[in-house]
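Here the structure is laid out as structure tokens; the discussion comes afterwards.
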Amino acid sequence: MALWGGRFTQIADQRFKQFNDSLHFDYRLAEQDIIVSIAWSKALVTVNVLSNSEQYLLEQTLKKLLAEVQANPEHILSSKAEDIHSWVEEELIKKIGVLGKKLHTGRSRNDQVATDLKLWCKTQVMVLLGAMRDLQKALVSTAKVNQDAVMPGYTHLQRAQPVTFAHWCLAYVEMLMRDETRLQDTLKRLDVSPLGCGALAGTAYKIDREQLACHLGFASATRNSLDTVSDRDHVLELLADASIGMVHLSRFAEDLIFFNTEEADFIELSDIVTSGSSLMPQKKNPDVLELIRGKCGRVQGALTSIMMTLKGLPLAYNKDMQEDKQGLFDALDTWLDCLYMSVIVLDNIQVKRLRCQQAVEQGYSNSTDMADYLVAKGVPFREAHHIVGKVVLEAMKHGVVLEELSLAQLKQFSVVIEEDVYDILALRSCLEKRNVRGGVAPQQVAFAITEAEKRLAP
Ligand code: ARG
């Protein structure tokens, strides 16, 4: 039976009921709904709606229900209840009869659903934060063992300057660290309890909302009931966080997909995260990475979807807001899965150092260093840039790299070029010279690894 049958003389059309019901997705809020109900039963004692013994019985029954839900959450799905709030109340009434009917005094599903969802978000954020840390740790470990794995760094997907695989890993550590702090900021703002705001105007029972918030583990209680029951900023923020996080993971995936091509051939992905082709026996496809890259789309979709749903909604609660959950659940699940998968990829990756090094050597990626060399000899940079451009053309004509041109050949482009240019053109020198904070010099990378390790230490 619906929670609201009294005013109605006809029962709902089956198709409408199906359209309206949310139990098939909001059953995931079961634990939160029960915990919120226990806290609410305690608050009802303070305003003499429930006696201590009634509250005790309610709490014991709710705890029993919680254990059942934890053991088999999917069992809820066999019910015809409208939503998770109705389900919990129905189960309670089934178990203890009329006393169960007292629990909803002074509250509404509007403040209830807002509270349940925030509690769910808080738990989920903690899980996501853990997964982000695990991925950062995996990146740092991969960096640590690949500090001397030189590879081309790219701009416009053209070989640009030498970097190391370690430096590449640490770039993603930075992104994940921003994702982590972004999520922590979101957490701070969502840690405010809606319970006690009733349907929209506040509960008519003189409940201490701050104490109630504290019982539920929130930092404080919200300050305006109209806003509270219609606020889904936390859903927007989490989806924005997820969208940005997934953009980062999609770039990580794309880089690795590229490194894994036969054309680049910088890495070997493990068999445990790749799959074959049903037709072409030689293939080993980076499916895991393509899925991470692809799933980014649905997460962005969830953000756009709820943005549009909330746009122009009048205060306060409207049923449109029930649309907040599926996208959020799916997006956060997806984000988490992608974080987990990225760790497995990294933990089993092999960097093909020789191939990486060959690619750097063939890529004229020491051209900037040659220009800097000319600058050190007094040539203005713009002129040096032009000279080296000509040297590159010449080297290409002969099918050689810069350092394979003889001194006599080089001198044709600038008389200031001496034997010492070959030291400058050496790969090691290209790396070592970039010895600034955040630069690719091995010393800087080692320092960055130590810093990251310190930050990530338990
Ligand atoms: N299932 C609803 C939701 O998720 C719960 C709140 C219903 N409130 C109402 N006034 N009908 O938003």
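The values are calculated or read from the model by the stated rules, or taken from the named source; none is laboratory data. If you're wondering where the values come from, they're calculated on a predicted model, not measured in any experiment. Virtual Cβ from ideal backbone geometry, glycine too; neighbours counted across all protein chains shown.
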In the stretch 228-286, the residues that are of a type in the set (D, E) and within 30 Å of K311 (Cα to Cα): D231, D233, E237, D241
Sole exception among (1) surrounded by 17 or more Cβ atoms within 10 Å (Cβ to Cβ); (2) in contact with a Leu (Cβ under 7 Å, 6 or more places away or on another chain); (3) within 30 Å of F252 (Cβ to Cβ) for V127, by number: (1)
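Residue by residue, here is whether (1) closer than 30 Å to R428 by Cβ; (2) in a strand (DSSP E or B) holds:
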site	(1), (2)
V163	yes, yes
C169	yes, no
T186	no, no
Y205	no, no
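Table: residues versus (1) within 30 Å of V145 (Cβ to Cβ); (2) of a type outside the set (D, E).
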residue: Q409; (1), (2): no, yes
residue: Q412; (1), (2): no, yes
residue: D420; (1), (2): no, no
residue: L425; (1), (2): yes, yes
residue: R428; (1), (2): yes, yes
residue: E432; (1), (2): yes, no
residue: V440; (1), (2): yes, yes
residue: F447; (1), (2): yes, yes
residue: A452; (1), (2): yes, yes
Helices (runs of 4 or more DSSP H) completely within the stretch 264-370 that count 1 or more residues being within 16 Å of the ligand (Cβ to nearest atom) and surrounded by fewer than 20 Cβ atoms within 10 Å (Cβ to Cβ): 287-310, 324-347
Residue, nearest to the ligand (Cβ to nearest atom), within the stretch 71-117, restricted to residues that are under 19 Å from A43 (Cα atoms) and among the basic types (K, R): R109
Where a residue in the stretch 89-108 is modelled with pLDDT of 95 or more and its partner, wherever it lies, is charged (D, E, K, R) and buried (at least 17 other Cβ atoms within 10 Å of the Cβ), with Cβ under 9 Å and at least six apart: L99/E54; G100/E89; G100/E90; G100/E91; K101/E89; K102/E54; L103/E89; H104/E89
Enumeration of residues in the stretch 297-312 that are out of contact with any Lys or Arg (no Cβ under 9 Å at 6 or more places or on another chain) and hydrophobic (A, V, I, L, M, F, W, C): V299, A302, L303, M307, M308
Matching helices (runs of 4 or more DSSP H) fully within the stretch 2-72 where at least 3 residues are under 24 Å from Q124 (Cα atoms) and not aliphatic (A, V, I, L, M): 23-26, 30-46, 52-71
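Assess whether D320 counts as being within 27 Å of D227 (Cβ to Cβ) and either in contact with a helix residue (DSSP H, G or I) (Cβ under 7 Å, 6 or more places away or on another chain) or not charged (D, E, K, R) (or both).
yes
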E210, sole failed condition from (1) out of contact with any strand residue (DSSP E or B) (no Cβ under 8 Å at 6 or more places or on another chain); (2) within 22 Å of S41 (Cα to Cα): (1)
